[in-house]
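What follows is one structure encoded as structure tokens, with my remarks underneath.
The values are calculated or read from the model by the stated rules, or taken from the named source; none is laboratory data. Since the model is a prediction, treat every value here as computed from it, not as a measurement. Glycine also receives a Cβ, built like all others from the backbone with ideal geometry; neighbour counts cover every protein chain displayed.
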Amino acid sequence: MTFYEMIDDLTLALNRQKLVVFVGAGVSKNSGLPTWGQLVQAFAERIGYTMEGRLATEEYIRIPQYYYCLDESPGHEAYYSLIKAMIPEDIKPNLLNQIIVSLRPKHIVTTNFDTLMDQVAKGYQVIREDRDLLTGISPHYLLKLHGDIRQPAKLVFKEDDYLHYSETHRLMETFLKSLLIDHVFLFVGYSLNDYNLKTFVSWIDFIAEEMQVKQEMHRNYFLSSSLHAGKDYLRKYYEGKGLEVIDLYQLPKCVEEQARIVKLSDELGRRTYAVLELLHR
């Protein structure tokens, strides 16, 4: 698909109230918060974990688990305090948070712990845990899949949290999987090697395979910054699993020019904003 064909498809889904936007740590980075990798690196440094180059996918959840196991403070207070110290509650939302809400997608889903989306998502009921879904009355949800920094003991961060997720978050996982049937997913602020992205894509791929509708099923989309580094094999990998990749470093010239005037300090944030702005038209 061409760039503008993908934009048209996303716009159609948006107009039909069938668009679900997933928000990753790359969005919060524009407010000065750490990426997932930077958060994990802080834990690695404190336990003397030696990293050779970039972290492998499984290390993102295993390193926090190592720290947790070594932490002998009452109630693992040191573990939770470190997370809270790196994600303060008083950080202000940025332009990406604002434009995502202004699009008015059917639902917004985030794996971030921070409160940035909460602050701007007016008209969206915040869902932080299963029990919130049982009292949900809004047509629009902000689903915080991995919890909220204001409830640190319920965060999904270390390996055990991920391994037990299907049991501890049964309703949230079931609800999210149900949206796969007839909603288009747009992933913003994730890397192509992100553990969470791979989990969501595996759900999409499994359902398409099980129902034997892989060729007919609607496409989902991902705004990526990874392909410019010569990783076209990742594009083919994800396309094979029903995810169209929009390369943020291969944008049409007019979109590139628009990105230059966006008032964000991070180049990737500016490019992301310029793409999302096209969905308003």
### Selection within the stretch 55-89 - closer than 16 Å to Tyr195 by Cβ and free of Cβ contacts under 8 Å to residues at least 12 places away in the same chain
Ala56
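With the structure loaded, tell me whether Ile7 is within 27 Å of Asp266 (Cβ to Cβ), part of a loop (DSSP other than H, G, I, E, B) and touching a Leu at 6+ places or on another chain (Cβ under 8 Å) or whether it fails that test.
Details: within 27 Å of Asp266 (Cβ to Cβ): yes; part of a loop (DSSP other than H, G, I, E, B): no; touching a Leu at 6+ places or on another chain (Cβ under 8 Å): yes.
When the stated conditions are applied, Ile7 does not pass them.
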### Message
With the structure loaded, tell me whether Leu33 is part of a helix (DSSP H, G or I), at pLDDT 95 or above and either buried (at least 16 other Cβ atoms within 10 Å of the Cβ) or out of contact with any helix residue (DSSP H, G or I) (no Cβ under 6 Å at 6 or more places or on another chain) (or both) or whether it fails that test.
### Response
no
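Looking only at strands (runs of 3 or more DSSP E) that fall completely inside the stretch 67-161, which ones have 1 or more residues that are charged (D, E, K, R) and either surrounded by fewer than 13 Cβ atoms within 10 Å (Cβ to Cβ) or assigned by TED's automatic domain parsing to the domain that holds Ser28 (or both)? Show your work before the answer.
Values: elements: 107-110, 125-127, 141-144.
Answer list for the stretch 67-161: 141-144.
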### Task
Consider only pairs whose beta carbons are under 6 Å apart and that are at least six residues apart or on different chains; among these, list those whose first residue lies in the stretch 90-114 and is over 26 Å from Asn15 (Cβ atoms) and whose second residue is among the hydroxyl-bearing types (Ser, Thr, Tyr).
Ile91/Ser31; Asn112/Ser28; Asp114/Ser28
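Applying the selection to the stretch 206-230, what residues are surrounded by 15 or more Cβ atoms within 10 Å (Cβ to Cβ) and at pLDDT below 80? Show your work before the answer.
Going residue by residue through the stretch 206-230, those that are surrounded by 15 or more Cβ atoms within 10 Å (Cβ to Cβ) are 207-208, 214, 217-227.
Those that are surrounded by 15 or more Cβ atoms within 10 Å (Cβ to Cβ) and at pLDDT below 80: Ile207, Ala208, Lys214, Met217, Ser225, Ser226, Leu227.
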### Task
With respect to Leu176, determine if the residue is part of a helix (DSSP H, G or I) and either over 27 Å from Met86 (Cα atoms) or under 19 Å from the mean Cα position of the chain (by Cα) (or both).
yes
### Task
Keeping to the stretch 179-196, report how many residues are in contact with a strand residue (DSSP E or B) (Cβ under 6 Å, 6 or more places away or on another chain) and assigned to a helix (DSSP H, G or I).
1
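Which is at pLDDT below 95, within 28 Å of Ile207 (Cα to Cα) and of a type in the set (Asp, Glu), of Asp182, Asp160? Give the derivation first.
Working: Asp160 fails: at pLDDT below 95.
Criteria check complete, one pass: Asp182.
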### Task
Please work out which residue is nearest to Leu39 (Cα to Cα), limiting yourself to the stretch 132-160 and to residues that are free of Cβ contacts under 8 Å to residues at least 60 places away in the same chain and of a type in the set (D, E, K, R).
Asp148
### Task
Residues being touching a His at 6+ places or on another chain (Cβ under 6 Å) and assigned to a strand (DSSP E or B): count how many of those fall in the stretch 16-30.
1
